[in-house]
Structures are given as structure tokens and as C-alpha cells.
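Below is one structure, written out as C-alpha cells, with a few remarks after it.
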Amino acid sequence: MSNAITLTLPDGSRRQFPGPVSVAEVAASIGAGLAKAALGGKVDGKLVDTGFIVDHDASLAIVTARDAEGLEMIRHSTAHLLAYAVKELFPDAQVTIGPVIENGFYYDFSYKRPFTPENLAAIEKKMTELAARDEPVVRRVLPRDEAVAYFKGLGEHYKAEIIASIPTNEDVSLYREGAFEDLCRGPHVPSTGKLRFFKLMKVAGAYWRGDHRNEMLQRIYGTAWASKDDLRQYLTMLEEAEKRDHRKLGRELDLFHIDEHSPGTVFWHPKGWCIWQQVEQYMRGVYRDNGYLEVRGPQILDKSLWEKTGHWDKYRENMFTTESEKRDYALKPMNCPGHILIFKQGVRSYRDLPLRYGEFGACHRNEPSGGLHGIMRVRGFTQDDGHIFCTEEMIQSEVTAFTTLLQKVYKDFGFTDILYKLSTRPEKRIGTDASWDKAEAALAAGLRASGCAFEYLPGEGAFYGPKIEYTLKDALGRQWQCGTIQVDPNLPERLDAEYVGEDGARHRPVMLHRAIVGSLERFIGILIEQHAGAMPVWLAPVQVVVATITDAQADYAQSVAKMLRQRGFRAETDLRNEKITYKIREHSLQKLPYILVAGDKEKQVGAVAVRARGGQDLGVMPLEAFAERLGQDIVSKA
């Protein structure tokens with residue numbers, strides 16, 4: 001058995017074969033069930049097709065639909081199935097690229113006219129037919145020039161252009177299923193019959209290679225899953241997400257609007273601005289109670305400062321600029337340089353450290369119009385931005401304190417499920433390995449001291465330092481990365497920040513960039529969707545409305561609302577000459593926490609009939625008892 005190979009399986013067991021063997025053959029040797037379920041394999045950690053031949057001793061894991069890699073293979077292969085179906089129905093269409101994205105895939109096509117919703121339905125039906133044929137997916141390799149000629153012969157000029165950009169001496173791999181063959185690195189599922197649970201979602205425009213000077217293509221988005229239940233749950237989640245869409249609720253609840261006269265910025269209406277103020281004032285209290293000094297920097301800063309920080313060279317296209325008296329300026333895209341300028345005023349001592357600055361800083365970034373999304377992604381935004389100036393030895397304790405604080409803030413806003421990720425040194429970086437070791441160890445120790453389980457993201461740190469990302473999960477299981485704390489010795493060096501140490505010498509401080517909610521606009525959008533517009537009592541722009549049954553209770557209703565307002569509650573009255581059922585229904589649609597009904601009986605005894613959000617009838621309650629209940633809701637962040 002001189003050519004025998006030994007394969008080590010994930011459970012540590014070993015299997016010997018007399019010679020080279022395919023992944024599919026290994027799966028079959030383990031069992032018929034695994035052979036049927038196999039989508040691919042991982043050979044020494046590399047994802048491969050089931051047809052891949054293992055010709056040396058290696059570790060091998062069989063990949064099925066239960067694995068994350070298996071689901072990605074399903075989605076990648078379904079993108080090819082989509083292109084196959086489009087070519088069957090519209091032979092003149094040219095295929096371009098079709099990658100996997102979060103929860104699905106897309107494929108871009110060049111075609112003489114727009115695809116209609118009816119076309120989309122027909123394409124999905126054809127995909128189902130092709131999958132039912134269970135055609136094998138077969139890989140082959142061609143020299144680059146031969147592949148270019150092959151696709152030109154098919155009239156697939158975009159594919160030929162892609163291949164022509166590959167170095168001449170490289171081979172390229174192609175995958176065929178039935179009558180369709182596509183350029184792809186792979187790997188793919190063994191046959192189209194493995195692709196059963198998918199749905200096409202929409203058609204959008206996309207420029208070839210992302211360049212607006214190129215042709216506008218048609219991008220078809222789809223989703224694919226390992227099971228019928230997974231697909232159904234995802235589609236249900238999308239339906240619920242549509243109901244919670246902050247743009248829709250922003251209109252219905254009269255919170256804000258986006259106007260073409262200022263794209264990418266927000267016009268806050270009274271109710272929306274009330275929510276904003278609750279978030280900002282809450283965070284201002286967090287600053288005050290946790291050793292932060294609130295500061296305020298200017299909006300416009302001279303070009304020379306941005307040159308020193310490196311932003312002018314690397315971030316210029318994302319900055320709004322202006323000119324005055326032959327001097328160039330930029331609207332600040334972040335607050336960090338301004339905080340260093342404040343730090344540099346006067347002589348700083350080691351006794352001043354850690355020095356924590358916080359700012360609700362208005363920033364502007366020239367985001368592309370196609371990337372704007374309600375108040376979630378805008379050009380003008382305000383951050384709960386903060387910077388901590390400290391020594392290397394202080395990093396761990398500052399991270400621990402910050403993480404504990406962040407957890408409390410998120411809990412108060414209704415988020416308890418947080419993911420923690422530590423991004424470590426990238427290949428291109430500044431600083432010594434020793435300084436990176438120290439910084440990464442301090443961040444990890446800070447998380448552990450806070451009781452957090454976390455994952456490493458190797459190579460994902462900034463070029464100047466590692467960072468922690470805090471990602472919250474909302475009611476639908478969606479993930480939102482909001483909080484961060486990042487080690488930065490670079491900017492203090494560039495802007496010459498220093499302090500006098502205990503030894504009397506001058507030293508560079510470490511700068512920790514930190515944010516909890518990040519952009520207030522985006523965070524409020526997340527809050528609206530998390531709570532489906534039914535904001536917690538302490539955040540609700542109107543906490544209670546007092547509604548009359550007839551005009552005879554008008555004075556009493558106004559006195560009730562006045563008493564509640566005097567105690568700091570946000571109360572309004574509804575004295576309209578409408579039926580009480582109509583008033584209740586209308587205010588319920590506005591998602592008010594409490595509706596108080598004031599009739600003659602309630603007026604006589606100084607009480608109110610209380611209805612809580614969700615249609616709960618709490619009965620008649622003395623006004624004082626209701627005020628106490630409302631106060632408890634606010635204090636408890638209910």
C-alpha cells in the first residue's frame with residue numbers, strides 16, 4: 001500500500017484508502033445517509049467539491065446542509081441555477097457575476113429591457129424545474145486564453161472580460177450543469193437536486209463593476225436555505241421587518257422625514273425630536289455619572305489638520321469641503337482630531353489620566369446616494385462620541401468599565417443579547433509586535449473581566465490598533481454593530497499629544513475611541529424597529545392622552561393633563577367631538593402607552609379609566625395611583 005493515504009475525520013478517527021479517493025467516496029464509506037447528505041468537504045481546512053480527489057494524508061470533514069459552509073455552497077450554487085434559468089428563458093441575456101451575500105445571493109445580467117415581476121415569477125418557476133432534473137454539477141479547468149475564447153464564442157462578453165483580467169499563466173475553473181456553464185472558483189453542490197428551498201426577492205439596478213460610467217445591469221436578488229422551515233421563517237421575518245420598517249413607521253407616527261432638498265439628512269418632527277432628546281439626555285447622564293467631561297468642537301476644520309491625521313489623503317472623497325479667504329476646510333467626518341486639540345490645551349500630567357471626553361458631535365460624510373437608507377445611513381449624523389486618554393497600563397480597566405456601562409445602556413433601551421468581537425492586527429500595520437501584543441491582551445482581559453464570551457476577528461483591526469465591536473441583536477434576530485472601543489496610539493503621535501509622566505519626562509498618551517449607541521440617527525432607527533414603533537414609556541414622545549366622552553368633561557380632562565405635565569409626564573388631551581371608540585382606536589394606532597378616558601363618573605370621583613397599550617383595560621384608577629404607576633414605568637425603563 002505504498003500509495004495508501006490516511007484521512008483524519010473530525011472525531012479524531014482515521015480511515016485508510018489504497019490510493020487517491022474523492023470526497024464523495026469517503027462519505028459513502030462512512031454511510032449511505034452521509035453520502036446522500038454530502039454537499040462538499042473540507043480538506044485540511046479548505047472547502048472543496050464532493051468530486052475533489054484527495055491524494056495525500058489529510059484531515060477531512062464532510063460538509064452538509066447543517067454546516068455554515070454547506071449553506072454558503074447552497075446559496076452559491078443557487079446563484080448559478082438562477083443564471084441557468086435566465087439563459088433558458090432569455091437566451092440573449094448576458095451573465096456577469098453572482099456572489100453569495102448575507103441570507104442569499106444575487107446575479108447581475110445585461111439584457112435589452114427591464115425584467116418585470118412576471119419575468120421574475122417565470123424565472124423562479126424555471127429554477128424549480130431545473131432543480132427537479134437533478135443534473136450533475138461538473139467542474140473542469142481551462143487555460144485562461146482558451147476560456148476567454150470559449151466565452152466570446154458563446155457571446156458572453158462580460159465573462160470574457162472578467163477572465164481576461166486574470167494573469168495569462170493561470171488556469172480558470174468552469175462549472176457545468178445541463179446546458180449551462182459558468183466561470184467560478186467553486187466549490188458547488190454535486191447536483192441541482194440539492195437546491196430546493198429558494199425564492200427570488202427583487203430586481204434592482206447595478207453598474208457593471210460598480211462604476212457609474214459603465215452600463216447599468218439588472219441585479220436579481222434571491223434567498224436560499226437548507227430546509228423548508230428555514231426558508232419559511234426567513235420570509236416571515238422579512239414580513240415582520242417590513243411592518244417594523246422605521247421609514248414606514250416614521251411617516252405613520254409623524255416622527256421625521258427625508259427631503260430631496262437635503263438628501264441624506266433628517267428633518268425631525270416634534271414627536272421624533274422628543275425621542276431624540278430622551279436618548280441624548282439619557283446618554284448625557286451616562287457621561288456625567290461615569291467620569292466623562294462633555295466637550296464641543298467646531299463643525300469645520302482646516303485642511304491642514306486633516307492632512308496631519310491622514311484623512312485628506314485616504315478619506316477625501318467622503319468629506320464635504322468648502323473654501324473661505326483662499327483657505328480649504330472640511331466638515332468633520334469624525335470628532336477625534338478635535339478632542340486631541342482640546343487635550344493639547346495646557347500641560348497635561350499623568351495625574352490627569354485617564355481623561356475622558358464625550359461629545360454629541362455632528363458629523364458629515366459624503367455617502368453615495370445609492371447607499372442612503374432612511375435614518376439608518378445618512379450624510380449628516382450625530383455621534384455619542386467619546387475618547388479616553390490614558391496609559392497602556394490603564395487600557396484593561398477602561399475596557400472593563402466601558403463594557404459594563406455599555407451593557408447597562410443597551411439593557412435600558414431593551415437590548416439584552418450582545419455579541420462581542422475582538423479585531424486583531426492586520427498584515428499592514430504600524431507599531432511593534434510587542435505593543436500589539438500588549439494592546440490585544442488588554443482588550444481581551446477587559447472583556448473577560450466583564451464576564452463576556454467573545455470571538456476573535458484575526459486581521460480585522462485598524463492599521464494602528466485593535467478594537468472591540470459590540471453588536472446587539474434585535475427582536476427579529478438581526479445584528480446591529482453599534483458600540484466600539486479602539487486602541488489608537490497613532491493619532492496622538494500625528495497630532496503631537498503628550499503628557500508629563502511621573503518621571504518628569506514627556507510621554508504619548510494612548511487614545512481609546514469609544515461609542516455606545518454610535519450615530520443617534522441610526523440608533524433611533526434601530527429602536528423604532530426593535531419596538532415596532534411602540535416605544536417604551538420613558539422614550540414615548542406622548543406617554544398618555546386624556547380623552548373625553550362628551551364636552552362636559554373637557555375642563556376635567558385638561559386639569560388631569562395639566563397635573564401630569566407638572567409632574568414631568570408627556571400628556572396630551574383629546575377633546576374632539578368624536579365617539580370615544582374612534583378616539584381609542586386612533587390613539588392605539590399611534591402606539592401610545594396609555595389612554596385615559598374621562599367620563600362623568602370618573603370626573604365625579606377624581607379618577608380615570610385606564611387603557612394600556614395592546615388593548616389592556618386596567619379599569620378605573622384614582623388619578624394619583626395612575627401617576628404613581630406611570631412614574632414607576634419610567635424609572636424601571638419598562
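Annotation note: of LYS228, LYS248, LYS243, LYS271, the sole residue that is of a type outside the set (Ser, Thr, Tyr) and more than 23 Å from GLN530 (Cβ to Cβ) is LYS228. For the stretch 102-138, a residue qualifies if it is of a type in the set (A, V, I, L, M, F, W, C) and either free of Cβ contacts under 8 Å to residues at least 24 places away in the same chain or assigned to a helix (DSSP H, G or I) (or both), and the qualifying residues are LEU120, ALA121, ALA122, ILE123, MET127, LEU130, ALA131, ALA132. The set of residues in the stretch 269-298 that are more than 28 Å from HIS246 (Cα to Cα) and not in a helix (DSSP H, G or I) comprises ASN290, GLY291, TYR292, LEU293, GLU294, VAL295, ARG296, GLY297, PRO298. Taking residues in the stretch 228-240 that are closer than 17 Å to THR78 by Cβ, and partners anywhere that are charged (D, E, K, R), the pairs with Cβ atoms closer than 7 Å and at least 6 places apart or on different chains are LEU231/LYS199; LEU235/LYS199.
Scanning the stretch 366-418 for residues that are part of a strand (DSSP E or B), of a type in the set (Val, Ile, Thr) and touching a Ser or Thr at 6+ places or on another chain (Cβ under 8 Å) yields a count of 2.
Based on this model, can you work out whether GLU398 counts as of a type in the set (Asp, Glu), touching a strand residue (DSSP E or B) at 6+ places or on another chain (Cβ under 6 Å) and in contact (Cβ under 8 Å) with a residue 40 or more places away in the chain? For GLU398, the condition - of a type in the set (Asp, Glu), touching a strand residue (DSSP E or B) at 6+ places or on another chain (Cβ under 6 Å) and in contact (Cβ under 8 Å) with a residue 40 or more places away in the chain - is met. If you go through the stretch 451-482 and keep only what is surrounded by 18 or more Cβ atoms within 10 Å (Cβ to Cβ), out of contact with any Leu (no Cβ under 9 Å at 6 or more places or on another chain) and closer than 11 Å to TYR420 by Cβ, you end up with just CYS452.
Among the residues of the stretch 299-315, those that are more than 15 Å from GLN383 (Cα to Cα) and not in a helix (DSSP H, G or I) comprise ILE300, LEU301, ASP302, GLY310, TYR315. Taking the conditions exactly as written (open to solvent by less than 40 Å² (accessible area, probe 1.4 Å), within 30 Å of LEU235 (Cβ to Cβ) and modelled with pLDDT under 95), does GLY518 satisfy them or not? Yes: the conditions hold for GLY518.
Looking at the stretch 158-171, is at least one residue more than 30 Å from the chain's Cα centre (by Cα), of a type outside the set (Val, Ile, Thr) and assigned to a strand (DSSP E or B)? Within the stretch 158-171, one or more residues are more than 30 Å from the chain's Cα centre (by Cα), of a type outside the set (Val, Ile, Thr) and assigned to a strand (DSSP E or B).
In the stretch 225-232, is there at least one residue being over 25 Å from PRO114 (Cβ atoms), under 22 Å from the mean Cα position of the chain (by Cα), at pLDDT 95 or above and in a loop (DSSP other than H, G, I, E, B)? Checked against the condition, which is being over 25 Å from PRO114 (Cβ atoms), under 22 Å from the mean Cα position of the chain (by Cα), at pLDDT 95 or above and in a loop (DSSP other than H, G, I, E, B), the stretch 225-232 yields no hits at all. Would you confirm whether any residue within the stretch 576-587 is of a type in the set (Ser, Thr, Tyr) and open to solvent by less than 60 Å² (accessible area, probe 1.4 Å)? So far as the stretch 576-587 goes, no, none of its residues is of a type in the set (Ser, Thr, Tyr) and open to solvent by less than 60 Å² (accessible area, probe 1.4 Å).
Would it be correct to say that GLN407 is within 18 Å of the chain's Cα centre (by Cα), within 13 Å of GLY483 (Cβ to Cβ) and either touching a residue at least 60 places away in the same chain (Cβ under 8 Å) or surrounded by fewer than 21 Cβ atoms within 10 Å (Cβ to Cβ) (or both)? No: the conditions fail for GLN407.
For the stretch 554-638, give me every one of the strands (runs of 3 or more DSSP E) that falls completely inside it and has 1 or more residues that are farther than 23 Å from CYS274 by Cα. Write out each step before concluding.
Working: elements: 571-574, 594-598, 607-612, 616-622.
Of the strands (runs of 3 or more DSSP E) lying wholly inside the stretch 554-638, those with at least 1 residues that are farther than 23 Å from CYS274 by Cα span 594-598, 607-612, 616-622.
Checked against the criterion of being β-branched (Val, Ile, Thr) and open to solvent by 30 Å² or more (accessible area, probe 1.4 Å), the candidates ILE258, ILE275 yield just one match: ILE258. When PRO190, PRO167 are checked against the criterion of being modelled with pLDDT under 90 and either β-branched (Val, Ile, Thr) or open to solvent by 20 Å² or more (accessible area, probe 1.4 Å) (or both), a single residue qualifies: PRO167. Just one of the numbered conditions (1) in contact (Cβ under 8 Å) with a residue 60 or more places away in the chain; (2) assigned to a helix (DSSP H, G or I); (3) out of contact with any Asp or Glu (no Cβ under 7 Å at 6 or more places or on another chain); (4) of a type in the set (D, E, K, R) is not true of GLU529; which one? Result: GLU529 passes all but (3). Taken over the stretch 213-248, the criterion of being of a type in the set (Lys, Arg), surrounded by 14 or more Cβ atoms within 10 Å (Cβ to Cβ) and either in contact with a helix residue (DSSP H, G or I) (Cβ under 8 Å, 6 or more places away or on another chain) or more than 20 Å from ILE101 (Cα to Cα) (or both) is satisfied by ARG244, ARG247, LYS248. Put simply, of ILE485, ILE430, ILE395, ILE388 the only residue that is of a type in the set (Val, Ile, Thr), buried (at least 21 other Cβ atoms within 10 Å of the Cβ) and either over 30 Å from VAL635 (Cβ atoms) or modelled with pLDDT under 95 (or both) is ILE395. Considering HIS373, HIS339, the condition of being closer than 18 Å to ILE485 by Cβ and either surrounded by fewer than 17 Cβ atoms within 10 Å (Cβ to Cβ) or modelled with pLDDT of 95 or more (or both) is satisfied by HIS339 alone.
Please verify whether the stretch 124-133 includes one or more residues that are acidic (Asp, Glu), at pLDDT below 95 and open to solvent by 40 Å² or more (accessible area, probe 1.4 Å). Scanning the stretch 124-133, I find no residue that is acidic (Asp, Glu), at pLDDT below 95 and open to solvent by 40 Å² or more (accessible area, probe 1.4 Å), so the answer is no.
The values are calculated or read from the model by the stated rules, or taken from the named source; none is laboratory data. What you see is a predicted model, and the numbers here were worked out from it, not measured in a lab. Positions of Cβ are generated from backbone atoms using ideal geometry, with glycine treated the same way; all protein chains shown enter the neighbour counts. Areas reflect the complete protein model, heavy atoms only, side chains present, ligands, DNA and RNA absent. Shrake-Rupley method; radii C 1.70, N 1.55, O 1.52, S 1.80 Å.
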